[in-house]
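Enquirer: Before I ask anything, here is the structure I am working with.
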Ligand code: PGA
């Protein structure tokens, strides 16, 4: 029995390529979501320009909308960015922050923390991505994750910690078909909780939902969810295939 409401979030990345296709994808997923929404939080993160397209018909309480990133400032000379206020006005209630594909373009741990704080201030639920590039034999990836977590949770105000959602996404597993094992995922979840407890205390740490992302599909979702003991998934490629995404959601429903 899970203590948290699980989340299944679809990260569409730079897909699909037209607003018409984005609307169709949104509607196709919605059609397949038949169960009540209080058991599993279902989230879709279209590209920001299509967020506005989808938001125009977004009346559903069954799914929530997310931005794929937000900047930390409200306005000013910040070319190419969007603020939490802007995406909130478009209907987003979540935002992904610090995805590894964004971090690879030079966004630092400190900038990710600042965006997270800005999102929380606007009442958006941030799904903050963390994850190592490679797994070395010495276990150095643990210190890498620890550093990401410490920068993040030092910046988040104590009262807002429980609203943060973490997505553990090992970079080597993203889009590669090479998933972490359920055992690896469980071990990392325990490690994340240990670090969170030392930074924020047990009570707040125990409220933070920890998702897994990296080549999640219908075929591996059950094992990752039950044995990995995560609080849900951040899904990339498979979220672009409505049937596949719905099967992942259904798998999670079966275990709550
Ligand atoms: P993937 O992507 O499911 O295609 O591996 C996950 C992500 O990048 O969030």
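Enquirer: Under the √(5λ) rule applied to the eigenvalues of the Cα gyration tensor, what semi-axes describe the equivalent ellipsoid of region 43-111? Give them in Å, descending.
Expert: 22, 14, 10
Enquirer: Specify the inter-centroid distance of region 174-235 and region 107-150, based on alpha-carbon positions, in whole Å.
Expert: Taking the Cα centre of each part, region 174-235 and region 107-150 sit 14 Å apart.
Enquirer: Give the average over all directions of the projected area of the C-alpha convex hull of the chain, one decimal, in nm².
Expert: Orientation-averaged projected area of the Cα hull: 12.7 nm².
Enquirer: Could you estimate the translational diffusion coefficient of region 10-69 from the Stokes-Einstein equation, with Rh from the Kirkwood formula over C-alpha pairs, at 10 °C and 1.306 mPa s, in whole µm²/s?
Expert: Translational D for this selection: 137 µm²/s.
Enquirer: Moving on. Can you tell me the equivalent ellipsoid semi-axes for region 92-152? Use √(5λ) from the Cα gyration tensor, largest first, whole Å.
Expert: Over the Cα atoms of region 92-152, the ellipsoid semi-axes are 24, 11, 10 Å.
Enquirer: Another question about this same structure. Express in nm, to one decimal, how much length is gained between residue 79 and residue 39 on full extension, taking 0.36 nm for each residue of separation and deducting their alpha carbon distance.
Expert: Details: separation 40, 0.36 × 40 = 14.40 nm, distance 3.93 nm.
10.5 nm is the gain from fully extending residue 79 to residue 39.
Enquirer: Given bins 10 angstrom wide, list per bin the percent of all Cα-Cα distances in region 1-139, short to long.
Expert: 11, 39, 33, 14, 2, 0
Enquirer: Among 81-88, 105-112, 244-251, 14-21, what's the highest-first ranking by average C-beta atoms within 10 angstrom per residue?
Expert: 244-251, 81-88, 105-112, 14-21
Enquirer: OK, next. Taking the DSSP beta bridges in the chain as the whole, what percent of them are antiparallel, to the nearest 5? Numbers along the way, then the final one.
Expert: Working: 0 of 28 bridges.
Bridges in the chain are about 0 percent antiparallel.
Enquirer: Give me P(r) over region 109-237, computed from all C-alpha to C-alpha distances, binned every 10 Å, as integer percentages.
Expert: Going from the shortest bin to the longest, the percentages are 13, 46, 34, 7, 0.
Enquirer: Test of understanding: what is the full-extension gain from residue 229 to residue 193, defined as 0.36 nm times their sequence separation minus their Cα-Cα distance?
Expert: Once the chain is fully extended between residue 229 and residue 193, it gains 11.7 nm.
Each reported figure results from applying straightforward, stated rules to the coordinates on display, with no laboratory input. Since we're looking at a predicted model, the values are computed, not measured. Cβ atoms come from the backbone with ideal geometry, glycine included; neighbour counts cover every protein chain shown.
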